[in-house]
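The next block holds one structure in the form of structure tokens; read it before the comments.
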């Protein structure tokens, strides 16, 4: 067999967006905004290109951008990383995660993945020769909760890495103070490393705080933390993110990074560097997306879908079991083909069969589209 991933097909996100395009459906599936980045940010890209900043950037990233990332990290989390040795700019968060796994995981190493888990995690672990160990969150009262007892039971002498996604896609679950305490206890008992996917860090609602791993010295000293400019600044197609980690881990990360990307496109790095010198728009992001969440849920509440408002991300889970007793994949295919709305089923975020009947809505859309989709759902199901 030639394939290294014999059981892996197209991503569910690609599948549902393709179906949405084929059937002219409203796309609430794939997680990208349907609005543009800040006009000033766009202008700064053009300016950087006109200033002939079009050739290779330094492998770890433009120094000016790394400096701004360090200052932003200090402003948000009270920790100032070394811009030269503890920050690497990447071609998006997925490349950062893939590179981190390739750098840290050796053949036979076990990597704990917490389900629901983003679908890129397990294939990256397998390609590195590692063994994904899936641990499911607890699902109670229409919400997912971290199950640290189950995580602890999954530890073995072969455990190398815990991959933590918080805020969690698709569940919206965020770390609470008791979660941080349990995670600290687990890491004290085991030499495992932590890879923390925090790309939705600035989308936390209802007055809650985001407890980044970077806030806690006892966690960040053994962690790689991944962030995304695309998620924060409505520019997912630009594919730029970054990793903050101790210099020893960054050295290993860069050994791989230099051979699978080497460096990230220069004009956009320069634009972000210039933009971040004065921009504080991440502070407004919670209110921006909370309004969109509430607008969409005002419509969804008039249907048989059951939900609790998501605590974070720009995704909302909803239970459709009062509509039909059907597998989630069958439900979303029927939705896109016959009802004109494209959603994401939740089962691809798990290993094996699940009992839940859940779908994921993306509300990173214009108010007009959210209203159109909400009214359409009401017409179908109310």
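Any read-out appearing in this document is the output of simple, stated calculations on the displayed coordinates, not a laboratory observation. This is a predicted model, so every value here is computed, not measured. Note that each Cβ is placed from the backbone with ideal geometry, even for glycine, and that neighbours are counted across all protein chains shown.
The table that follows gives values for the structure above.
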| quantity | calculated |
| --- | --- |
| Packing rank of 290-298, 271-279, where each peptide gets the mean count of other beta carbons within 10 Å, highest leading | 271-279, 290-298 |
| Gaussian network model of the chain, springs between alpha carbon atoms under 10 Å - residue of 190, 66, 342 with greatest fluctuation | 190 |
| Pairwise FRET efficiency - residue 178 versus residue 301, Cβ, R0 = 45 Å, nearest 0.05 | 0.90 |
| For the stretch 207-247: rounded, prolate or oblate by the Cα gyration tensor [a/c cutoff 1.5] | oblate |
| Estimated [θ] at 222 nm from DSSP helical runs (n ≥ 4, -39500 (n - 2.57)) normalised by residues in the chain, nearest 500 | -11500 deg cm²/dmol |
| Label-point separation in nm, residue 287 to residue 188, each point 7 Å along Cα→Cβ | 4.0 nm |
| Alpha-carbon centroids, the stretch 240-292 and the stretch 108-130: separation in whole Å | 23 Å |
| Residue order, fewest to most surrounding Cβ atoms within 10 angstrom, among 378, 76, 362 | 378, 76, 362 |
| Cα shape, the chain, gyration tensor, a/c 1.5 rule | oblate |
| Extension gain from residue 158 to residue 351, taking 0.36 nm per residue of separation minus the Cα-Cα distance | 67.5 nm |
| Rounded to 5, percent antiparallel among DSSP beta bridges of the chain | 50 percent |
| Paramagnetic label zone (point 7 Å from Cα along Cα-to-C-beta, residue 71; backbone N under 19 Å) in the stretch 275-301 | 275-284 |
| Gaussian network model of the chain, springs between alpha carbon atoms under 10 Å - residue of 361, 259, 205 with greatest fluctuation | 259 |
| Estimated distance in nm for a label pair at residue 262 and residue 50, the labels positioned 7 Å out from Cα along Cα-to-Cβ | 2.9 nm |
| Cβ-Cβ FRET estimate between residue 149 and residue 208, R0 fixed at 22 Å, reported to 0.05 | 0.40 |
| Gain on full stretching of the segment that runs from residue 22 to residue 334 - 0.36 nm per residue minus C-alpha separation | 111.0 nm |
| Extended-chain gain in nm, criterion 0.36 nm per residue less alpha-carbon gap, residue 247 and residue 378 | 41.9 nm |
| The chain: most fluctuating residue of 78, 130, 31 per GNM, C-alpha cutoff 10 Å | 78 |
| Residue 366 paired with residue 255, simple spin-label distance in nm, labels 7 Å along Cα-to-beta-carbon | 5.0 nm |
